[in-house]
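Notes to accompany the following structure.
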Amino acid sequence: MSEFTVKILSIEKITHDVNKIKIERPVGYNFIPGQAADVSINTQKLKNEKRPFTFTGLSEWNNLEFIIKSYKDHNGVTRKIGELKPNDELIISDPWGAIRYKGKGTFIAGGAGITPFIAILRELNNKNKLAGNVLFFSNKTEKDIILKNELYDMLGNNFINLLTREKNKDYYFGRIDEAFLRTRIPDINQNFYVCGPEDFVQNINSILLKLGAKTDSIVFEK
Ligand SMILES: Cc1cc2nc3c(=O)[nH]c(=O)nc-3n(C[C@H](O)[C@H](O)[C@H](O)COP(=O)(O)OP(=O)(O)OC[C@H]3O[C@@H](n4cnc5c(N)ncnc54)[C@H](O)[C@@H]3O)c2cc1C
C-alpha cells in the first residue's frame, strides 16, 4: 500500500468530542464514498500507530475530510488527533473498505459509525439521488449527534434519531432493536447499510437477517 504525507489545513470541533479535519489531497488521490484509509500522525513517536478513518468529503472536493471522535479518557491516537493544529501532518494509506452505495436503502448508524454514510449521502444529495433513502442514527445523547443539521437538511423526515441515554421529546428513546426495526421497515427486500461499534453491527445484522433480509443485501465493514 502507498503512503502519503499530508498537511492539516483546518481542524474544527463539531461536537464535544468530535473534530472535522480538512487535509491536503495528494495529486491523483481518489476514493469511493464509504472508503477509509489507515491514518497516523507524522511524528517520530506516532507515525507507526495507524488507525482507520473514513473520508467524509465529496470525491470531487479539492481537499480530503475526516470526522474523528476522540476518546479523551484513553491515551490513544484519537485523543492526540484532537490536539492537532493546522500545518501538523498526517500519513494516510491508499483508500480501502467494503462499504459503498449499491442502491436505495436504509442506513443504520451508531455514533461515529455515521462517517461512511456522510460521504455516501452527501454524494447522493449532490447528484439529486437521495430520495427514498432512510437513516436511523443512534447516539447516547443529543449532544453526541454528528452533523445533525446537515443530515436533517438532506434527509428531512427520512432522518430518524434515537437516543439511548437521554429522554427528549424530539427523539426516539431506546436502542435500535427488533421491535423498532419491525415497525420502521415496511419492506425487508431492500439494501441495508450498517456501521458502528462491532457489537452494534453484529446485533443489527442478526436482527435484519431474522426479519428476512438477504445476506447480500446488508453492506457493512467486515
Ligand atoms: C474501517 C473503519 C473506519 C473508521 N472510521 C472512523 C471515522 O471516520 N471516524 C471515527 O471517529 N472513527 C472511525 N473508526 C474508529 C477508529 O478507527 C477508532 O476510534 C480508533 O482506531 C481508536 O484509536 P485509539 O488509538 O484512540 O484507540 P485504541 O487504543 O485503538 O482503542 C480502541 C478502542 O477501544 C476503546 N478503548 C480502549 N481503551 C479505552 C479506555 N481506557 N477508555 C475508553 N475507551 C477505551 C475505545 O473505544 C477505542 O475506540 C473507524 C474504524 C474502522 C474499522
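Taken together, the values in this text are just the output of simple stated rules run on the coordinates, not laboratory data. Values in this document were obtained by computation on a predicted structure and should not be read as measured data. For neighbour counting, all protein chains shown are included, and Cβ atoms are generated from backbone atoms with ideal geometry for every residue, glycine included.
Can you tell me which lysines have their Cα less than 25 Å from the Cα of K47? Leave out same-chain residues fewer than eight positions away. Excluding near neighbours in sequence, the set is K7, K13, K20, K22, K69, K72, K80, K85. Summarising the amide proton neighbourhood of R25: residues at separation of 5 or more, or on other chains, whose placed amide H is nearer than 5 Å comprise L64. Overall, the anisotropy analysis places the stretch 95-156 in the oblate class: the square-rooted eigenvalues a ≥ b ≥ c of its C-alpha gyration tensor yield a/c not less than 1.5, with a/b not exceeding b/c. Coupling constants for the stretch 140-145 follow from the phi torsions by the Karplus curve (6.51 cos²θ - 1.76 cosθ + 1.60, θ = phi - 60°), and in residue order they are 6, 9, 4, 6, 8, 6 Hz; glycine and proline get x.
Among the lysines of the stretch 105-219, pairs that are 8 or more positions apart or on different chains and have alpha carbons within less than 18 Å of each other number 7. Taking the longest Cα principal axis of the chain as reference, the axis of helix 198-210 is set at about 30 degrees. Computed on the Cα trace of the stretch 80-119, the radius of gyration divided by the Kirkwood hydrodynamic radius gives Rg/Rh = 1.08.
Note on the chain: dipole from Cβ charges, positive end direction compared against T164, S206, A119; the farthest Cα belongs to T164. As a check on your grasp of the helix formula, calculate [θ] at 222 nm for the chain: sum -39500 (n - 2.57) over DSSP H runs of n ≥ 4, divide by the residue count, round to the nearest 500. Taken over the chain, the calculation gives -5500 deg cm²/dmol. Counting every alpha-carbon pair across the stretch 3-93, the share separated by more than 22 Å comes to 18%.
Quantify how much of the Cα-Cα distance distribution of the chain extends past 30 Å, in percent. Please list the in-between numbers first.
On the way: 5642 of 24531 pairs.
Tail of the P(r) past 30 Å holds 23 percent of the pairs.
If you take the Cα centroid of the stretch 59-117 and the Cα centroid of the stretch 127-158, the two points sit 17 Å apart. A simple spin-label model places the labels of H16 and L211 3.1 nm from each other, with each point 7 Å out along Cα-to-Cβ. Under a model in which nothing but the beta-carbon of Lys, Arg (+1) and Asp, Glu (-1) is charged, the chain shows a dipole of about 220 debye around its Cα centre.
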